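Following: one structure in structure tokens, then a few remarks.
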Amino acid sequence: MSLWQRMRNLGRRDRVAAEIADELAAHIELAVEEAVRNGASEAEARRAARLRFGNPVAMRERTAGADAALGLEGMWRDVKYALRQMKKAPGFAAVVIVTLALGIGANTTVFSVVDAVLLHPLPYAEPQRLAEVLDESSRKHFEREDVSYPDYFDWREQNHSFAQLVSYHDTSFALTGVERAVHVQAQVVSWNLVPLLGVEPELGRGFLPQEEKRGSRVVLISHALWMSQFAGDRAIVGRTIQLSGNPYTVVGVMPASFRFPVSSPQNGIWTTLAFDNDPSDHNPGVNNRGMHWLNVMGRLRPGVSLAQANDDMNAIAARLAKQYPNSNSTHTSVHVENVIAALLGDTAPLLRIVLVAVGLVLLIACGNIANLLLSRVREREREMAMRAALGAGRSRIVRQLLAESAVMGVAGGAAGCALAFLAVPAVLRLIGDSIPRAADAGVNLPVLAFALVISLLAALLFGLLPAWTATRLDPISTLKEGGRGQVSGHEWLRSVVIVGQVALGIVLASGAGLLLSSYARMAHADEGFNPDHLLTFNFETPDARYAKTRPQFYREYFARLRALPGVQSAAGAIFLPMSGNDANMSFEDPQHPRPPGRHDTAAIDIVSPQLFRTLQIPILQGRDFTDADDTQSPPVIIVNQAFVHRYLAGETVLGRKIRPGGSSDANGKPTWPQIVGVVGDTRRNSAQFAMQPAIYLPEGQASTWCCLVSVVRTSVDPMSLEPAVRHLVASMDPQIPVTDVHTMRDLIALEMNLPRFAMVLLGAFAALALVLAIVGLYGVMTYSVTRRTRDIGVRLALGAQRSAVLSMVLRDAALLVGIGMAAGMMATVAATSVLRAILFATGPRDPLVLTAVCAVMVLAGLFAALLPAMRAASIDPMRALRAE
């Protein structure tokens, strides 16, 4: 700005100030004269008048001085003035705070989960150096798989990237020898678990290398188990306890905060991989390179990156593929990734999607508040003009208005935190156990800091545009025209905000609609069996007592179970449908030979007789298993329809012999089970859309596998049989506790937790966004009608039809909604593709969903504009003109 322009601006401001000073002086003289006529002395009257109207010169000096007061004193003065403004317009302040509280409360709630799951470091030493190592199978298009023991041992010995490499998998024990037998979740780990995690036991020590050897039985126990079952006895170290009928020596107690893995917080026992090398097993899992069932975690050496470790491990995998072509020819690749990313899998993108969605809700809320503040600034045009005329610069006005926005932002943030305190427990109940570490979520200090930051950012976001608009006033014209200044010329700003709100609402509603459609299809998909009136529960038959008698035990047990009143049928399986658990196994078909290491695969399950009857899975060909299918009879299997369609289409199925998993008899001689039946397909989990090939083995011919999950079809309420079931099992063996008692419907609901969480949360945010957008449109249209009252009155006075006025207002609203919808649909096409991985039988651009979303937005927009349009059409022309 040139010197001449500055002087001219200063001169204009001085002239305006002089005019205002003359006007105030005139008011003061009139007030003094009136007070003197009423009997007051001139001095008292003049002092009272100055207190009432102020001193123009002093006012100008104070305003100019405040322009330079940028310290704490000036900030505190701005805050006090902002509080006075809120007190002056409490209804306006309440609307802003409530709107902001909804947006910030939703953001704070979601961030508390994201912080606990994604951002909070793992409770181990230097967690940034921990990585998960996963096998990749080229047979499954490089789908990540678990690891075999022999591969793990080779990785541990040959790698140069990891200081420690630990294997682990879950199991469970029945703890006996205490007051009451207890079922305990456990982990089977390699000896170097404690060195890997850098967490010292509370009592005792970690495992030793020699404790991985066959016959070793040592355990670490959790603090919770130590306190609940052993009363915190410090002499527990070195003591022998009974686990599933075998003696184990306690070598240490882990700290109360210790959890491994973090996705299984209920683990109470850790034992070494000697558990999988039982002397009674002639072909233990530790020697089977084709049996993939382990998770592997490592601690990177200092200075080694994930990429370097990935290259190192892939070189080892390539060598093993050449060395062991029969088992490893399809396992030539390894993937090393951050342990949090591996732990969460597809959950991490889902959480990020939800966080972005709730951020969009806050943006829409800020748009509403910005429109409210624009209207508020118009009401305060004369005040702003007076401030400018008395010497306040633009920065001073912006600072004051932003201070008011910040005060309302902080108030809204505090209210939002209060809402989050109430909402977080409800969200955690909705999540259940579907997201690891989510149970740790809460409104803690980092979450409160996040709430404060987004409160201030939101205040800046919704306060900056109105503050900038207020600085565009011309003080002279505003004061002369009695308050109608240039703010009224910024209608396009409100329109832009509404278009943005509608566009964001379309994006959110489309995402929510796709998830709703996906969830509905998932919930109504055919499971392949009848889940009604089914009770499921579990108990162990430990090898120590049942290695040789397990088939006889189950035969007697199921016979007694079927005899209970209210039981129609009962059976058992290693993996029940819709439980989320399964296992895959390769098989050999002599009529369709494959190269070594490239055999076809199918899901494998071991079941008892009458399972298909109990689950009401149809037997399409052949027969069911019977009690006669034991180790003394020829080996048999049953396959499902998907197996026939993929591998035996157009061929004779019954009587066909295949060899699953390299099966052999007790003497090591290969066995070729015969297919005796074909059954219908079942879904193994909620996310499975296409039915997968499956092979079923009879429990009587696979007695080394432990243990069956019981399933009972009832004619009464399934849960009413729980006491009878527990009594039956206890009468047969009081040392095996019954656990995991659920109805099949409950199991399916647990499987649906994660998609339900995504659908409910995104649906709630979309609904809130839609409401906010519609309220914003209503507010803008109402404001527009109010501003155009005189214009509409003139139109009506000149003969315009009220229907024409109605259509004019509706047309204006439709234009805003149409532009917003067009922008929103373009953004939706680009944005919803990120949902592809979590959608079930629904495309990310489902035309039916997108059409429904647009229809809802059109109807909601027209509804929001209808009331202002009707108000405009009912204006009395004479009253409107008289009011002007």
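The values are calculated or read from the model by the stated rules, or taken from the named source; none is laboratory data. Every value quoted in this text rests on a predicted model; they were computed, and no experiment measured them. Backbone-built Cβ (ideal geometry, glycine too); neighbour counts: all protein chains shown. The protein model used for the area step is the full one, side chains on, heavy atoms only, and it has no ligands, DNA or RNA in it. Shrake-Rupley method; radii C 1.70, N 1.55, O 1.52, S 1.80 Å.
Do you know which residues across the stretch 289-309 are without any contact (Cβ under 8 Å) to a residue 60 or more places away in the chain and either open to solvent by less than 40 Å² (accessible area, probe 1.4 Å) or of a type in the set (A, V, I, L, M) (or both)? Listed by number, the list holds a single entry, 307.
State the number of residues belonging to the stretch 790-821 that are in contact (Cβ under 8 Å) with a residue 12 or more places away in the chain, surrounded by fewer than 18 Cβ atoms within 10 Å (Cβ to Cβ) and closer than 18 Å to residue 769 by Cα. Counting residues in the stretch 790-821 that are in contact (Cβ under 8 Å) with a residue 12 or more places away in the chain, surrounded by fewer than 18 Cβ atoms within 10 Å (Cβ to Cβ) and closer than 18 Å to residue 769 by Cα gives 1. The set of residues in the stretch 575-615 being over 24 Å from residue 550 (Cα atoms), surrounded by fewer than 20 Cβ atoms within 10 Å (Cβ to Cβ) and either charged (D, E, K, R) or within 35 Å of the chain's Cα centre (by Cα) (or both) consists of 580, 588, 589, 594, 598, 600, 601. Among the residues in the stretch 482-503, are any closer than 30 Å to residue 711 by Cα and at pLDDT 85 or above? So far as the stretch 482-503 goes, no, none of its residues is closer than 30 Å to residue 711 by Cα and at pLDDT 85 or above. Does residue 128 qualify as being surrounded by fewer than 14 Cβ atoms within 10 Å (Cβ to Cβ), at pLDDT 90 or above and within 34 Å of the chain's Cα centre (by Cα)? Yes; evaluated as a whole, the condition is true for this residue. The residue of the stretch 322-348 that is farthest from residue 147 (Cα to Cα), among those that are modelled with pLDDT under 85 and in a loop (DSSP other than H, G, I, E, B), is 346. Here the stretch 519-554 is the region considered, the condition is being basic (Lys, Arg) and either surrounded by fewer than 16 Cβ atoms within 10 Å (Cβ to Cβ) or in contact with a Lys or Arg (Cβ under 9 Å, 6 or more places away or on another chain) (or both), and the residue that is modelled with the highest pLDDT is 521. Considering each residue of the stretch 620-634 in turn, at least one proves to be open to solvent by 50 Å² or more (accessible area, probe 1.4 Å), touching a residue at least 60 places away in the same chain (Cβ under 8 Å), in contact with a helix residue (DSSP H, G or I) (Cβ under 7 Å, 6 or more places away or on another chain) and not charged (D, E, K, R). Within the stretch 207-216, the residues that satisfy the criterion of being closer than 22 Å to residue 197 by Cβ and either of a type in the set (D, E, K, R) or buried (at least 22 other Cβ atoms within 10 Å of the Cβ) (or both) are 207, 211, 212.
For the stretch 742-764, state whether one or more residues are open to solvent by less than 60 Å² (accessible area, probe 1.4 Å) and more than 30 Å from the chain's Cα centre (by Cα). For the stretch 742-764, residues open to solvent by less than 60 Å² (accessible area, probe 1.4 Å) and more than 30 Å from the chain's Cα centre (by Cα): absent. Applying the set (1) of a type in the set (A, V, I, L, M); (2) open to solvent by 10 Å² or more (accessible area, probe 1.4 Å); (3) in contact with a Pro (Cβ under 9 Å, 6 or more places away or on another chain) to residue 504 leaves exactly one unmet item: (3). Count of the stretch 239-255 residues, restricted to those that are in contact (Cβ under 8 Å) with a residue 24 or more places away in the chain, hydroxyl-bearing (Ser, Thr, Tyr) and out of contact with any helix residue (DSSP H, G or I) (no Cβ under 8 Å at 6 or more places or on another chain), is 2.
Residue pairs whose Cβ atoms lie under 8 Å apart, separated by 6 or more positions or on different chains, with the first residue in the stretch 666-690 and modelled with pLDDT of 75 or more and part of a loop (DSSP other than H, G, I, E, B) and the second of a type in the set (Phe, Trp, Tyr) and surrounded by fewer than 22 Cβ atoms within 10 Å (Cβ to Cβ), are 684/575. When restricted to residues that are more than 19 Å from the chain's Cα centre (by Cα), crowded, with 16+ Cβ neighbours inside 10 Å and either basic (Lys, Arg) or more than 20 Å from residue 761 (Cα to Cα) (or both), the stretch 416-451 contains 1. The single condition among (1) part of a helix (DSSP H, G or I); (2) open to solvent by 20 Å² or more (accessible area, probe 1.4 Å); (3) at pLDDT below 80 that residue 832 does not meet is (2). For the stretch 591-640, what are the residues that are of a type outside the set (Val, Ile, Thr), modelled with pLDDT under 90 and not in a loop (DSSP other than H, G, I, E, B)? Within the stretch 591-640, 600, 602, 603 qualify.
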